[in-house]
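Each value in this text was obtained by applying a stated rule to the coordinates, not by laboratory testing. Quick caveat, the model's predicted, so the values are computed rather than measured. Note: ideal-geometry Cβ built from the backbone for every residue, glycine included; neighbour counts use all protein chains shown.
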Amino acid sequence: MKVAETSIPEVLLLEPKVFVDARGSFLETWSEPLFEQLGIRARFVQDNQSRSGRNVLRGLHYQIRRPQGKLVRVVSGAIFDVAVDLRRSSKTFGKWAGFRLDAESRRMTWIPPGFAHGFCVLGDGAEVLYKATDYYAPEHDRTLLWNDPALGIAWPLAGEPVLSDKDRRGVPLAQAETYD
């Protein structure tokens, strides 16, 4: 597994080793001992999968009392994946890191607890899988405004994004509940 550090040290871009032969390919997407060697100590309790069409933007989501770490990967299509640091005690509070993830490269992102997460679809559609370290808790679910000028996220959109009502109603960082 290759690991690339990002502008936020705790957010990692991971490139698994892919074994290819005449039959096709094989890769390991999660191995607790391997990830522990990389400094990622996580117990995953829930797997989620989403399918999204052209220009869909999901996020920026987080849970205030039951924060989730996420291991994100794309199995079809491509996305621009974003993590925003919401830990007030962090040197990178309010900063974001973004990456292209696609089915061909098989790269993944590790987004630890304490971050908002979102993505936009690049191309006609994408299918995204992510493992979460805590269960979905609707009462603690929050949405950070995807286009908050204070964040300045450079979303690579081809026109207006397709958003849920929840994502349209996101709050700017200045009004958001955050972590200590």
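The sum of -39500 (n - 2.57) across all DSSP H runs of n ≥ 4, divided by the residue count of the chain, sets its helix-only mean residue ellipticity at 222 nm to -1000 deg cm²/dmol.
Would you look at the GNM of the chain, springs on alpha carbons closer than 10 Å, and say which of Arg107, Arg169, Arg142 moves the most? It is Arg169. Computed from point charges on the beta carbon alone (+1 for Lys and Arg, -1 for Asp and Glu), the dipole magnitude for the chain about its Cα centre is near 140 Debye. Applying the Karplus relation 6.51 cos²θ - 1.76 cosθ + 1.60 with θ = phi - 60° to the stretch 53-68 yields 3J(HN,Hα) values of x, 3, 6, 6, 10, 10, x, 9, 9, 7, 10, 6, 9, 10, x, 10 Hz, where x marks Gly and Pro. A straight chain from Ser50 to Ser89 at 0.36 nm per residue would run longer than the Cα-Cα distance by 10.9 nm.
Among Gly59, Gly114, Gly98, whose Cα sits farthest toward the positive end of the charge dipole of the chain (+1 at Cβ of Lys/Arg, -1 at Cβ of Asp/Glu, about the Cα centre)? Ranked along the dipole, the leading option is Gly114. Across the stretch 29-180, the relative contact order, built from alpha-carbon pairs under 8 Å that are at least six residues apart, equals 35 percent. Derived scalar couplings between HN and Hα for the stretch 73-88 equal 8, 10, 9, 8, x, 8, 9, 9, 9, 10, 10, 10, 6, 10, 8, 4 Hz in order, rounded to whole Hz, by the Karplus curve 6.51 cos²θ - 1.76 cosθ + 1.60 (θ = phi - 60°), x for Gly and Pro. Return the subset of Lys17/Lys131; Lys2/Lys166; Lys2/Lys70; Lys95/Lys166 for which the Cα-Cα distance in this structure is over 24 Å, preserving the input order. Where the Cα-Cα span goes over 24 Å, the pairs concerned are Lys2/Lys166.
Under a Gaussian network description of the chain, with springs only between Cα atoms under 10 Å, the residue in Gln49, Gln68, Gln37 that fluctuates furthest is Gln37. Comparing His117, His140, His61 in a Gaussian network model of the chain, where Cα atoms under 10 Å apart are tied by springs, the biggest mean-square fluctuation is seen for His140.
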